[in-house]
Amino acid sequence: MSIASDCQASPLARPLALMIRNDPGVIMSCHMLGVAVGAYMGGAIFESTRSYYLMFLIQGLLEFLAVIFALAIKQKSTPLSS
């Protein structure tokens, strides 16, 4: 089963859902890439501005974007069986 068959994603999120297809390896790779880039970017921003404010602002905006993508996924309703 893939994400694309389990839910109706918004037009913006559907290409990503089709690419991932519920593959834990792709999901984990994307997560680890984000962790590495985020840590490096935080250090680079601190070195250039001597403040973490800009990094916290960027992080907050990215988290808000993640919430929008998560809410855009519409799950198919399945009847409850007893």
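Quick notes
- Inter-residue pairs, beta-carbon under 8 Å, first surrounded by 14 or more Cβ atoms within 10 Å (Cβ to Cβ) and in the range 45-74, second among the aromatic types (Phe, Trp, Tyr), 6+ apart: Ile45/Tyr52; Phe46/Tyr52; Met55/Phe46
- Scanning the range 62-82 for residues that are among the hydrophobic types (A, V, I, L, M, F, W, C) and at pLDDT below 70 yields one hit, Leu80.
- Just so you know, in the range 34-61 the residues that are polar (S, T, N, Q) and part of a helix (DSSP H, G or I) include one that is modelled with the lowest pLDDT, and it is Gln59.
The values are calculated or read from the model by the stated rules, or taken from the named source; none is laboratory data. Please read these numbers as outputs of a predicted model, since none were measured by experiment. No Cβ is skipped: glycine too gets one built from the backbone with ideal geometry, and neighbour counts run over all protein chains shown.
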